[in-house]
1. Specify which of the listed residues (Thr99, Thr93) is in the same structural domain as Leu250 (by TED's automatic domain parsing) and modelled with pLDDT of 95 or more.
2. I need the full set of residues from the range 328-372 which are among the aliphatic types (A, V, I, L, M), over 24 Å from Leu154 (Cβ atoms) and out of contact with any helix residue (DSSP H, G or I) (no Cβ under 7 Å at 6 or more places or on another chain), in order please.
3. What helices (runs of 4 or more DSSP H), lying completely within the range 326-419, carry at least 1 residues that are in contact (Cβ under 8 Å) with a residue 40 or more places away in the chain and closer than 27 Å to Leu194 by Cβ?
4. Kindly list the number of the only condition in (1) at pLDDT below 70; (2) surrounded by fewer than 14 Cβ atoms within 10 Å (Cβ to Cβ); (3) not in a helix (DSSP H, G or I) that fails for Ser281.
5. I'm trying to understand the selection: among the residues of the range 163-172, which are of a type in the set (Gly, Ala, Ser) and crowded, with 17+ Cβ neighbours inside 10 Å?
6. Just checking, which of Ser219, Ser146 is without any contact (Cβ under 8 Å) to a residue 24 or more places away in the chain and under 18 Å from Leu103 (Cβ atoms)?
7. Just to be sure, is Leu298 of a type in the set (A, V, I, L, M), exposed (fewer than 10 other Cβ atoms within 10 Å of the Cβ) and either farther than 30 Å from Ala345 by Cα or modelled with pLDDT of 70 or more (or both)?
8. Name, by its number, the condition in (1) modelled with pLDDT under 95; (2) within 19 Å of Tyr262 (Cα to Cα) that does not hold for Val229.
Amino acid sequence: MTGIATEDRSGATRSSSTERRGHPRVRRVTAYVVVVLLGVALLVLLALSARRPTAPLDPDGAGRAGGMALAEVLRDQGVDVEVVRSIGALEATAPDRSTTVLLADRANLGPGATRRLADASSTAGRLVLVGVTSEQLRLMGLPLGSFPGSAEGLVARCSSEVARDADVVSVLDTRYLLDEGSPLSAAATHCFDLPEPDSTTGEPAPDGAYGSGLLELPSTTDRPETVVVGVGPSWTNELVAQDSNAGVALRSLGATPRLLWYQPGEGDLTAPGPLGGAEGSEPLWPRWTGSAVTVVGLAVVLLALSRGRRLGRLVREPLPVVVRAIETTESRGRLYRRAGDRGRAAQVLRAGTAARLSRRLAVPPGAAPTTLVHAVSTTAGREPADVGVILFGPTPHDDASLIHLAQQLTDLEERTHRP
């Protein structure tokens with residue numbers, strides 16, 4: 001009996017010891033499960049946030065570059081705004097003469113989808129294209145060229161159903177030019193014309209010779225009235241309430257009771273052509289791209305591992321020679337003097353002064369010369385004509401004239417202060 005009792009006591013002791021050892025293990029497993037669940041929840045939140053519309057002028061985008069504000073204003077005006085996100089969905093809607101079709105973001109518009117967009121919108125009342133490229137215009141049969149452009153505060157200087165003579169748009173990022181000799185040149189309406197790059201007055205080039213921010217093309221038998229827009233950034237949530245941006249957008253998109261807002265999806269990059277042909281069906285990247293990226297990635301990782309060893313702390317070393325800035329400036333001046341290049345010297349002096357004055361007076365980069373001249377003349381108390389001659393005048397003909405110009409620039413900079 002004693003032996004049995006002893007065995008029972010030892011068994012109870014082992015059981016209690018096992019229970020005591022089991023509690024920490026349960027706590028560890030529970031902690032691991034909680035960490036995994038939190039990680040999964042974080043991944044789900046990241047995935048949901050990544051799916052929010054971020055494309056420019058997306059009607060569901062509430063960010064600065066989105067188009068939600070414009071879409072809501074159109075709905076308040078009684079326009080039936082219908083959003084489609086694939087070329088197939090656009091074709092299924094069968095646009096008619098009471099419909100305006102808007103291409104708001106051309107980033108995912110492949111060649112096949114471009115041709116299908118032209119066919120699908122041929123029965124619509126109006127087609128509005130924002131920021132399209134020259135290649136996309138060619139595929140749609142439009143005699144236009146697309147070029148980069150940057151301007152602010154452009155005036156329409158035209159009169160049509162879309163833009164009025166005194167309308168002002170905040171920002172332009174694309175300019176459009178009709179092809180030379182195009183039969184539409186006489187019938188097209190160009191608005192928000194840009195000035196020539198070397199213009200000192202800021203006046204637009206005659207007949208839109210340097211491009212326009214908005215072009216209206218009349219309808220034909222196989223194409224509706226088409227409005228090509230290069231002022232798309234002015235229609236975003238950030239800027240639509242400024243200047244005449246909202247008015248131009250509403251007149252462009254609200255002319256019909258129904259608006260099809262087309263935001264091409266990623267599938268439209270490789271969508272087939274209108275007849276189901278091979279056009280646009282080729283993959284965006286070559287088939288060997290994946291293998292090449294994998295090999296390059298492994299090479300980068302191996303290089304990082306081989307070169308990522310600790311090399312010790314940085315040691316400061318004094319420079320052997322210290323060249324003062326004034327010595328560099330004087331040496332550069334002597335080179336200009338030896339070469340007799342007064343024009344280059346005057347250009348450097350004027351450019352430096354103009355850059356400093358622009359920063360001091362908060363004149364935006366890329367602004368017309370007249371904008372800087374007006375700001376400087378107002379703050380310095382000098383006539384605009386005198387300021388224009390000093391900053392953008394003719395090249396000095398001798399050394400005395402160059403020295404006099406330098407004195408005038410210094411005096412002008414000293415007289416100018418931030419308003």
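The values are calculated or read from the model by the stated rules, or taken from the named source; none is laboratory data. Fair warning: this is a prediction, and the values are worked out from it, not measured in the lab. Glycine gets a Cβ as well: all are built from the backbone with ideal geometry, and neighbour counts include every protein chain shown.
1. On the way: Thr93 fails: modelled with pLDDT of 95 or more.
Only one candidate passes the filter, namely Thr99.
2. Those that are among the aliphatic types (A, V, I, L, M), over 24 Å from Leu154 (Cβ atoms) and out of contact with any helix residue (DSSP H, G or I) (no Cβ under 7 Å at 6 or more places or on another chain): Leu335, Ala339, Val348, Ala351.
3. The qualifying helices (runs of 4 or more DSSP H) are 342-360, 369-380, 384-392.
4. Of everything listed in (1) at pLDDT below 70; (2) surrounded by fewer than 14 Cβ atoms within 10 Å (Cβ to Cβ); (3) not in a helix (DSSP H, G or I), Ser281 misses just condition (2).
5. Ala163, Ser170
6. Ser219
7. Values: of a type in the set (A, V, I, L, M): yes; exposed (fewer than 10 other Cβ atoms within 10 Å of the Cβ): no; either farther than 30 Å from Ala345 by Cα or modelled with pLDDT of 70 or more (or both): yes.
No, not satisfied.
8. Only one criterion in (1) modelled with pLDDT under 95; (2) within 19 Å of Tyr262 (Cα to Cα) is unmet by Val229, namely (1).
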